[in-house]
Every structure is written in C-alpha cells, then in structure tokens.
Amino acid sequence: MANDFRLPPKPNRTRKRVRNIIIALVLAVIYFWAFSGVIKKIDWSFFGEMGEKFGKVIPRLFDPAWEEFEKVFDLILETIFIAYGGTLIAAVLAVPFGFWAARNMVKSPIWNTLGKWFLILDRTFPELILAILFVISVGPGAFAGMLTIGLTAFGMLGKLYAEVIESIDMKVVEAMEANGANKIQILFYAIFPQVLPEFLSFALYRFEIDIRASTVLGLVGAGGIGTLIVITAANRNWEQLGLIIISIVVVVMIIDFISSKIRKRLV
Amino acid sequence: MITFKDVSLVYPNGTQGLKDINVTINKGEFVVIVGLSGAGKSTFIRSINRMVTPTSGQLLVEDEDILKLEGKSLRKLRTKVGMIFQNYNLVNRSSVIKNTISGRLGHTGTLRSIFNLYSKEDKMKAYDNLKRVNMEEKVYSRADELSGGQQQRVSIARVLTQDPSIILADEPVASLDPPTSHQVMSYLRRVNKEDNITTIVNLHFIDMAMEYADRIIGMRDGEIVFDGPVSEVSDKTFEQIYNRPIRDEDLRGSEENETSEQE
Amino acid sequence: MKLPNKNKTSENESKIYSVYPKKVKFQISIIFAIVLFWYFYSLRATDADFLELFGDLDVVFGKLIEMFPPDWSYIESAIDPLIETIQIAVVASTFAILICIPMSLLSANTIVKNKFIYQTFRNIMNLLRTMPDILLATIFVSLFGVGIFPGILALTVFSLGLLAKLLSETIETIDTRQLEAIRSTGGNIIQVIWYGVVPQVLPSFISYGLYVFELNVRASLVLGFVGAGGIGSIIDTQLNFMQYQKVMAVLVLLLVAVIIIETLSNMLRRRVV
C-alpha cells in the first residue's frame with residue numbers, strides 16, 4: 001500500500017522546474033567565474049607575512065595619537081559640514097522632483113514616468129563619479145564634495161518623497177478643491193502638513209548615510225577626512241589611523257543616535 | 001490522561017494566569033473550556049504542551065510530570081500534543097501539503113526535514129489527513145490563498161499528521177463565521193470520536209460548547225469555577241461562570257444561519 | 001540663487017502652520033533658523049560659494065569640456081579592472097549573505113529570547129555599520145597589504161552590517177504565530193527557522209541580497225583608490241596624470257556596467273518578490 005502511494009502531480013511543474021534550473025545554472029556560472037577569477041588574482045604570499053604584519057600594525061592602531069586630535073577633528077567637522085550642506089541641498093531639491101514623480105500629483109502618466117526615470121538615473125550615478133566631475137569642474141575642495149552629496153542624495157530622497165506623497169489622504173485635497181482653493185493653497189494647506197514630518201525624517205536618515213559617504217570624497221580631492229585617511233595609511237602612521245577610526249566611529253554613532261531619536265519623535 | 005495538581009502560573013509582569021488548578025481529564029474526552037477572555041483558558045491549554053510554563057504544582061500527561069521537561073523531551077511531548085490556533089497559524093507562503101507535513105517535524109530528523117526527505121508513509125499520512133478534512137483538492141495551493149475555514153481545516157490536518165494523543169484547540173472558531181465554525185467543530189468532534197483523541201477546546205460561545213462538548217469546565221480569573229458533564233449545564237451555570245447575564249455575543253448561532261463562507 | 005528660494009520656503013512654512021498655536025509656530029521658526037544658520041555656517045566653513053559658481057559657469061563648463069571627447073581607446077585597458085571589480089563584488093556579497101544569516105537570526109528578538117545575546121549581536125552589527133567603506137578598506141589594506149584580498153574583506157564587512165540589519169529587522173516583523181505552530185508540533189529550533197521563518201523572509205532576503213550586490217559594485221570603486229583592487233586604481237592613476245579624457249572613458253564604461261547590473265538585478269527581483 002505504502003509503496004504505490006503517490007501524491008497527486010503538481011500543476012505546471014515542468015515550467016517552474018525549467019525556470020529554476022536556468023536560474024541555478026546562471027548563478028553557478030557567475031559564481032565559478034567570480035571565484036576562480038578572484039582566487040587566481042589573490043596574492044597568497046601575504047599569509048606568510050600576516051603574523052608579522054599584524055604584530056606591527058594592530059598594537060599601534062590601539063595606541064591612538066591623541067596629539068593629532070585637533071587636525072583630525074577639524075577634518076571630521078568638515079566632513080559633517082559637507083554631509084549637512086549636501087543633504088540640505090538634496091532635501092530641498094527633492095521636493096519638486098518628489099511631486100513630479102508622485103502618481104497622484106501628476107495627471108499625465110508619461111510625464112510622471114519621466115520624473116520617476118529621472119530619479120532612477122540620478123540614483124545610478126556612483127558618488128565618486130560625480131565627485132570626480134565636480135572636482136574637475138569647480139576645483140578640488142569641500143564645495144565639490146557638497147555638490148556631490150547634494151546631487152547623489154536627491155535621487156533617493158526624491159523617490160522616498162514621491163512614495164510619501166502617493167500615500168497621502170486625497171480626501172483632504174478633494175475637500176479643498178471643493179472649497180475652491182487654488183493649487184498653491186492646496187499644496188500648503190492639504191499636502192504639506194501631511195508629508196512634512198516624513199520628509200524631514202527621510203532627510204535625517206539620508207544625513208546619516210551622507211556622513212559615511214562624505215568620508216569617501218577625499219579620495220578624489222572633494223574634501224573631508226578621506227584624504228587624510230589615505231595619506232595616513234600611505235605613511236604607515238598607524239597611531240594616527242587608530243585615532244581616525246575611533247573618531248569616525250564615535251561621531252557616526254552619536255549622529256546616528258541623535259538622528260534616530262529625532263526621527264522617532266517626528267513620525 | 002491529563003492531571004493538574006495544584007498548578008499555578010504567575011506571569012513575569014505579576015499577572016496570575018492560573019490559581020491552584022486541580023483537575024483530571026480522561027482519555028478520549030471532549031472537553032470545552034468556557035470563560036470570558038482573560039479568564040485563563042488560553043493559559044490552561046498552553047500549559048499542557050508547555051507553550052507556557054506553570055510556576056508551581058505538578059502537571060501530569062500520561063503519568064509524566066511535564067513541568068520539568070526540557071529540550072528534546074519537551075519536543076517529544078509536543079509531538080504527542082497537537083495544537084490548533086485561533087488564527088490557524090499556517091505558514092502563509094508555503095503550500096498546503098508543506099504545512100500539513102510539518103506535523104511530522106517532531107518525528108523527522110533535522111537534515112531530512114530541511115531537504116524535504118519525508119518517508120512515503122509520512123507523505124501518505126499527510127495526504128490522507130487532508131482527505132479527512134476534504135482539502136485534498138488544494139494540496140499545492142498556497143496557504144494564504146485559502147479562506148479562513150479552509151485554513152483551519154488544513155491546520156486540523158496538520159495536527160492529525162502529528163499522530164497526537166491529545167489535541168488542544170485555542171479558540172479555533174473565533175475568527176470564523178457561524179456555518180464554518182460548525183463545520184470545523186464537527187471535524188474536531190469526529191476526529192475525537194473516531195481516533196479516541198482527547199480533545200480540549202477553548203470556546204466562548206455557549207451554544208457551541210453545549211452542542212459539541214462531553215464535559216464543560218468553566219474558568220474565571222484563573223480558577224476553575226465549574227466542572228461537569230454537559231447534562232448538568234444550564235443557562236444558570238454560564239451566568240455563574242461569566243458572573244453576568246448571558247448576552248447575544250455569547251452565542252454563535254446555528255448552522256442554518258446564512259452567512260456563506262468567503263472563498 | 002539658493003538664497004531667495006530659501007526665504008520663500010520659510011515664509012510659506014509659517015503660512016502652513018498659521019492654523020497651529022503660537023507655541024508650535026515659534027518652535028518651527030526656531031528649528032528653521034537653526035537649520036539655516038548651520039547651513040550658512042557650513043557653506044562658509046567649506047568655502048562654498050554658490051554665487052561664484054553660477055558666475056563662473058562658463059569656466060566650470062570649460063573644465064568639463066576638457067573631458068570630452070572621451071578617449072575610447074583607453075577602454076580596452078579598463079576592461080580587466082572592471083571585471084575584477086565585479087568579481088570582487090560577487091564574492092564579497094556572497095560572503096556577506098552567508099554570514100548575515102546566523103548574525104541576523106541571533107540579533108532578532110523574535111528568535112532569540114535571551115536579551116543579552118541579541119543585544120550583543122545587535123551592538124556588533126551597529127558597530128560594523130558605523131565604519132564607512134573607505135575606512136574598512138584602509139584598515140584591511142594596512143593589515144594584509146595591497147591586493148584584492150583586503151578589498152574583498154572590506155566589502156564583506158561593509159555589506160554585512162547593512163544586510164544583517166535589514167534582515168534582522170525583517171525577521172523581527174514576521175508573524176510569530178506561525179513559528180508557534182511549528183514549535184507546537186515538536187519541531188526543534190532549526191526546523192522552526194526552516195519551516196516558519198524562511199518562507200516568510202525569503203523574498204525580502206533575496207531582494208536585500210541583490211541590493212547589497214548593487215551597492216558593492218559601486219563601493220568597489222572606492223577600493224582601487226586605497227590599493228584594494230578594482231577599477232578605482234586606474235581612475236586614480238589617470239586623475240593624477242590629469243588625463244581627463246581617459247578618466248571620462250572609464251567613467252562611462254563604469255556607468256554602463258552599473259546600469260546593466262541594476263537592470264538585471266531589478267528583473268530578477270521582480271521575478272522572485
């Protein structure tokens with residue numbers, strides 16, 4: 001009895017199976033390609049020197065050079081300013097774009113999709129690419145960094161804003177329209193009160209991300225602590241690198257903490 | 001046989017869930033626990049498979065004190081004691097058969113269960129039990145595609161697949177409409193009679209309790225305030241258990257009540 | 001240019017809230033003043049001058065035009081580093097995805113009831129997340145020397161923090177009643193996870209995995225600048241030689257690669273979610 005028992009056959013099993021097999025095969029090929037490539041390129045000789053290197057570097061990392069604190073702190077402050085200015089540019093710039101990309105605000109679907117695409121396009125740009133373009137065009141310095149952060153952050157904020165706007169209660173808008181309010185009045189009395197807390201909350205969240213992102217900009221000369229990180233490592237000044245690590249971790253933690261507290265109160 | 005000996009339970013926040021419970025439930029009985037919400041019905045039922053752990057007393061299931069069980073032996077107890085929930089608690093994104101066969105988990109090795117290597121007998125058991133609750137048409141449907149009544153029937157099949165000697169049902173019909181409620185209760189009743197499985201059901205509907213139970217236990221504030229066969233129960237008894245007059249909301253209504261099950 | 005714009009918003013701001021009590025209005029104005037003050041302060045501190053920027057637009061564009069036309073012949077030597085970049089991203093994402101599974105289970109309070117354990121893992125996760133990619137890459141390069149191995153490590157750790165946080169938050173929002181049911185059948189913890197947790201979080205998990213891969217492709221650009229492999233290194237070199245037309249060619253190549261990868265990953269994501 002038990003031996004000839006079969007569950008009823010699964011519906012459209014073959015199609016699903018073929019699909020799964022194809023996905024599995026593609027993944028296997030990608031993995032084989034990636035891992036074999038990487039393994040070939042890794043210079044395994046570091047294994048031999050590892051112990052010696054660790055012994056040289058790690059103790060010095062844990063012995064931060066406090067005397068350099070002022071220099072490091074100044075650059076971290078600059079990093080924060082870059083992130084702050086950049087996020088603010090993005091937060092303001094993202095408002096009109098958010099409305100453009102929100103389905104319930106733009107009547108023409110083509111025009112609306114265009115807005116969405118524009119924001120997607122902006123999000124695809126890696127920030128270092130933009131940073132390079134800005135450094136070349138406006139010259140090296142924190143200003144280039146701020147523009148970079150502003151332009152990269154606004155793509156994500158625009159998308160998030162659009163989602164917030166799409167989720168608002170349109171009944172209020174209709175009621176205002178029925179009252180004979182004009183477009184600007186509706187915007188300020190019906191829509192902004194509903195979306196502002198979330199807009200601010202997302203902007204703060206993006207600020208947390210931008211703090212991290214601004215540390216990278218220094219690599220291409222767009223200001224912030226990045227330049228010092230590279231120079232410090234190149235000079236094998238591990239005590240100073242230790243100080244930088246601690247400072248960044250502490251500053252990021254504090255900012256994350258404050259920002260998440262504010263965000264909790266906002267929403 | 002299930003025996004509570006001076007069982008009490010105090011939750012970490014200080015709420016007393018059970019107060020000195022002393023009761024014996026015999027093999028094959030169909031017991032309905034009634035009481036208002038917060039009376040301790042759920043705590044009572046969940047003590048039996050140790051989803052909650054009483055803080056004092058002895059609780060014997062088939063002559064074994066289950067309050068001391070841990071790890072493997074606790075899981076072994078749970079394979080013997082099946083549980084049905086108010087919200088069906090099926091894994092929504094899994095198929096009906098996968099949900100049903102998860103009743104065998106306690107009997108199956110970890111690796112075998114991860115790779116879906118169930119024996120033919122287990123698969124047959126799961127399928128047979130789906131047939132018993134008339135759900136064999138939907139074997140490969142996803143659980144969240146089913147209506148509430150169908151989901152509860154699948155969860156009965158899941159419990160049966162465990163081969164339990166006891167079934168606990170915690171408000172199994174509270175989320176269902178009257179006709180479906182009766183359907184689910186009839187399945188439970190039938191399983192109880194056919195397989196001689198001790199069945200303990202929490203209900204707050206008086207009429208359903210009267211219709212399906214052998215024996216009724218009334219609870220209030222963590223204590224048993226009534227215990228006796230259905231024949232001894234009258235409206236007065238319920239007013240005494242609930243400590244207030246009976247209201248319409250305490251009744252589920254009969255099977256003729258025309259609210260069709262939503263598909 | 002920015003200035004009049006700002007003032008207009010602040011004016012309107014008070015108009016929106018004019019329906020609110022005086023106290024709220026006052027608070028809003030204060031917050032706004034602080035935000036603006038910081039903004040101008042940071043502009044000053046970073047020597048940013050928008051007016052000058054718009055005044056010198058011709059200079060700016062003139063510099064940009066130096067990058068055109070891109071030196072397409074250089075693309076040939078950028079292909080190998082690009083492949084290396086993608087390979088690093090694949091490998092690092094894989095490691096991160098594998099390690100994040102136990103990590104996120106251990107830091108989700110729906111699975112681990114012991115407060116000490118999940119708090120510990122949550123703290124480790126948060127610590128990881130405070131480290132920017134550049135810092136991790138620098139640390140690993142200083143520990144292991146120049147090469148792609150420290151690059152892989154850096155990206156793994158970098159994406160691990162993010163991935164584990166996303167996944168553990170998802171695990172914390174699952175329907176625990178479904179786990180309860182599996183537990184009531186006598187399933188052990190691994191069976192509860194496999195039968196109760198996995199079906200609930202799998203679609204989000206795949207989606208996060210793809211997201212982290214995309215992120216790693218972009219982040220691996222950073223690696224080359226600190227000697228941890230990938231396409232960044234040739235950009236760095238050409239920038240230092242001020243070979244802007246070559247830089248532009250590499251940037252275009254990279255952008256195309258990023259767009260292709262994101263399109264593919266979006267297609268996959270739509271399939272599974």
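The values are calculated or read from the model by the stated rules, or taken from the named source; none is laboratory data. Note that this is a predicted model, so its numbers are computed, not measured. Quick reminder, even Gly has a Cβ in these numbers, built from the backbone with ideal geometry, and neighbours come from all protein chains shown. Please note that ligands, DNA and RNA were not included when accessible areas were found on the heavy atoms of the full protein model with its side chains. Shrake-Rupley method; radii C 1.70, N 1.55, O 1.52, S 1.80 Å.
Summary table below
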{"item": "Reciprocal mean inverse distance between Cα atoms of segment B:1-141 - Kirkwood radius, Å", "result": "17.2 Å"}
{"item": "Charged-residue dipole, Cβ positions (Lys, Arg, Asp, Glu), segment A:65-266 about Cα centre, Debye nearest 20", "result": "580 debye"}
{"item": "Residues with amide H under 5 Å from that of B:Ile84, placed H, sequence gap 5 or more", "result": "B:Leu168, B:Ala169, B:Asp170"}
{"item": "Global form of segment A:26-151, assessed from the alpha-carbon gyration tensor, a/c cut-off 1.5", "result": "oblate"}
{"item": "Estimated buried accessible area (total), pair B and C, 1.4 Å, Å² to nearest 100", "result": "2200 Å²"}
{"item": "Probe 1.4 Å, accessible area per residue of chain A, Å²", "result": "53 Å²"}
{"item": "Helix runs (DSSP H) in chain C reaching 15 Å along axis by Cα, Kyte-Doolittle at least -1.0", "result": "C:22-45, C:75-106, C:115-130, C:133-144, C:148-172, C:198-225, C:244-272"}
{"item": "With every protein chain in place, chain C: carbon and sulfur % of accessible area (1.4 Å)", "result": "67 percent"}
{"item": "Computed E for A:Lys264/C:Arg271 - FRET, C-beta separation, R0 30 angstrom, nearest 0.05", "result": "0.25"}
{"item": "Segment B:36-107: GluC sites (Glu not before Pro) in DSSP loop, at most 11 other beta carbons within 10 Å", "result": "B:Glu70"}
{"item": "Rg ratio (alpha-carbon, reference 2.2 N^0.38 Å) - segment C:118-204", "result": "1.46"}
{"item": "Modelled FRET efficiency - R0 45 Å, C:Leu255 with C:Lys22, Cβ distances, 0.05 increments", "result": "0.30"}
{"item": "Rotationally averaged projected area of chain B (alpha carbon convex hull; nm²)", "result": "14.2 nm²"}
{"item": "Computed lengthening from A:Asp43 to A:Ile209, 0.36 nm per intervening residue step minus Cα-Cα distance", "result": "56.4 nm"}
{"item": "Calculated log₁₀ intensity ratio I(q)/I(0) where the Debye formula runs over C-alpha points of segment C:60-120, q = 0.11, 0.13, 0.14 Å⁻¹", "result": "-0.57, -0.63, -0.65"}
{"item": "Inter-chain shielding of C:199-206 (mean C-beta neighbours from other protein chains, 10 Å cut-off)", "result": "2"}
{"item": "Difference of contour (0.36 nm per residue) and Cα-Cα distance, B:Asp65 to B:Gln16", "result": "15.5 nm"}
{"item": "Spherically averaged projected area in nm², based on the convex hull that wraps the Cα atoms of segment C:91-168", "result": "4.9 nm²"}
{"item": "Under 14 Å from the Cα of C:Lys25 - aspartates and glutamates, other chains or at least 8 residues apart", "result": "C:Glu11, C:Glu13"}
{"item": "Convex hull of Cα atoms in the protein assembly as shown, direction-averaged projection (nm²)", "result": "43.2 nm²"}
{"item": "Buried area at the C-A interface (accessible, heavy atoms, 1.4 Å probe, summed, Å²)", "result": "6100 Å²"}
{"item": "Distribution of pairwise C-alpha distances over segment C:140-180, 5 Å bins, in %", "result": "6, 20, 16, 13, 11, 10, 8, 7, 5, 4, 0"}
{"item": "Segment B:Ser141-B:Asp195, length gained on full extension (0.36 nm per residue, minus Cα span)", "result": "16.7 nm"}
{"item": "Pairwise label distance in nanometres, B:Ile246 with A:Ile120, each label 7 Å out on the Cα-Cβ vector", "result": "6.3 nm"}
{"item": "Options A:Tyr205, A:Asn235, A:Phe154, ranked by Cα towards positive dipole end of segment A:145-267, top entry (Cβ charges)", "result": "A:Asn235"}
{"item": "Cleavage-rule hits (trypsin sites (Lys or Arg not before Pro)) in segment B:14-65: DSSP loop, at most 15 neighbouring Cβ within 10 angstrom", "result": "B:Lys27"}
{"item": "Low-density loop positions, trypsin sites (Lys or Arg not before Pro), segment C:107-199 - DSSP coil, at most 14 other Cβ in 10 Å", "result": "C:Lys113"}
{"item": "Segment C:73-272 - accessible surface per residue (Å², probe 1.4 Å)", "result": "37 Å²"}
{"item": "Reach of A:Lys159 by Cα under 25 Å, taken over lysines that are not fewer than 8 positions away in the same chain", "result": "A:Lys107, A:Lys116, A:Lys171, A:Lys183, A:Lys261, A:Lys264, C:Lys2, C:Lys6, C:Lys8, C:Lys165"}
{"item": "Span-rule helices in chain A, defined as complete DSSP H runs reaching 18 Å or more along the axis (Cα) with Kyte mean at least -0.5", "result": "A:13-41, A:46-61, A:69-100, A:109-124, A:142-166, A:192-217, A:238-266"}
{"item": "Residues whose placed amide H lies under 5 Å from that of B:Asp20, excluding near-sequence neighbours", "result": "B:Ser8, B:Leu9"}
{"item": "Descending principal axes extents, chain A, alpha-carbon based, whole Å", "result": "74, 74, 38"}
{"item": "By average C-beta atoms within 10 angstrom, highest first, the peptides A:61-71, C:200-210", "result": "C:200-210, A:61-71"}
{"item": "Two-decimal Rg/Rh across chain C, once Rg and the Kirkwood Rh are taken from alpha-carbon atoms", "result": "1.08"}
{"item": "Buried on assembly, segment C:69-115 (at least 40 Å² less accessible surface than by itself, 1.4 Å probe)", "result": "C:Gln87, C:Val90, C:Val91, C:Thr94"}
{"item": "For chain C, built as a Gaussian network whose Cα springs stay under 10 Å, the top-fluctuating residue of C:Glu262, C:Glu76, C:Glu169", "result": "C:Glu76"}
{"item": "Integer Hz, Karplus 6.51/-1.76/1.60 couplings in order for segment B:90-100, x for Gly and Pro", "result": "7, 6, 3, 8, 9, 6, 4, 5, 5, 5, 5"}
{"item": "Spin-label model distance (nm) - C:Ser77 vs A:Val26, 7 Å beyond Cα toward Cβ", "result": "3.5 nm"}
